[in-house]
Amino acid sequence: MMTTTTNLTDAQIDQLSAELEHAIDDMEIDRLSTELEHAIDDMESAIGGIRVARGQEDPTELPASQSARLQQAVGEPAGDFLLRFKRAARKEICEEDGFIHDQWTEFQEIAKKDLVKVSAALLAGMGITGAGLLGAVVPVALWIFAALSSIGLSALCDDASG
């Protein structure tokens, strides 16, 4: 499934979030949040902790199982998709008033449930819907969390601007 990269306005993100409330109910968001927590735990166990991974192997690279899941969900190699996703998510992650940016800047953390919701909205904005969206949410949210936790907001955003 090939999609185009778009930069979403706040109004578009709000509209997508409203549409997502109909597409993904609270139980599904809770399930995906729990799945994300388990994926973070698994990744931390595998590399010895995401937050202390600086200087080690690339902690922003998804584990093989999550990479395969993302590739199956979006129909293209996970690495290629994540590059496009990073550009599409730039405003939300890198600019003031972006939800992820503001949460991370203030707390150095983001609620997993919020990360699932924002990731789903961004994926929907890229044209990923239905089963593809549900399959892609956890790997994408895991990638955002791992990137922010390991290389930080500035490095991630510097890389996303290129």
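Every number in this text was worked out from the coordinates using simple rules, so none of it is lab data. Note that this is a predicted model, so its numbers are computed, not measured. Here the Cβ is made from the backbone with ideal geometry for all residues, glycine too, and neighbour counts use every protein chain on show.
Below, the figures for the structure above:
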read-out: Glu76/Glu109 FRET efficiency (R0 41 Å; Cβ-Cβ; nearest 0.05); value: 0.85
read-out: Cα-based equivalent ellipsoid, region 22-160: semi-axes from gyration tensor eigenvalues, Å; value: 20, 17, 15
read-out: Size of charge dipole - region 22-160 - debye, nearest 20, with Cβ of Lys, Arg +1 and Asp, Glu -1, no other charges; value: 320
read-out: Per-bin percent of Cα-Cα distances, region 86-162 [10 Å]; value: 20, 57, 22, 1
read-out: Peptides 83-92, 62-71 ordered by average Cβ neighbours within 10 Å, highest first; value: 83-92, 62-71
read-out: Ordering of 105-117, 130-142 by burial proxy (mean other Cβ atoms within 10 Å per residue, highest first); value: 130-142, 105-117
read-out: J(HN,Hα) series, region 134-142, from Karplus relation 6.51 cos²θ - 1.76 cosθ + 1.60, nearest Hz, glycine and proline x; value: 4, x, 8, 4, 5, x, 5, 4, 4
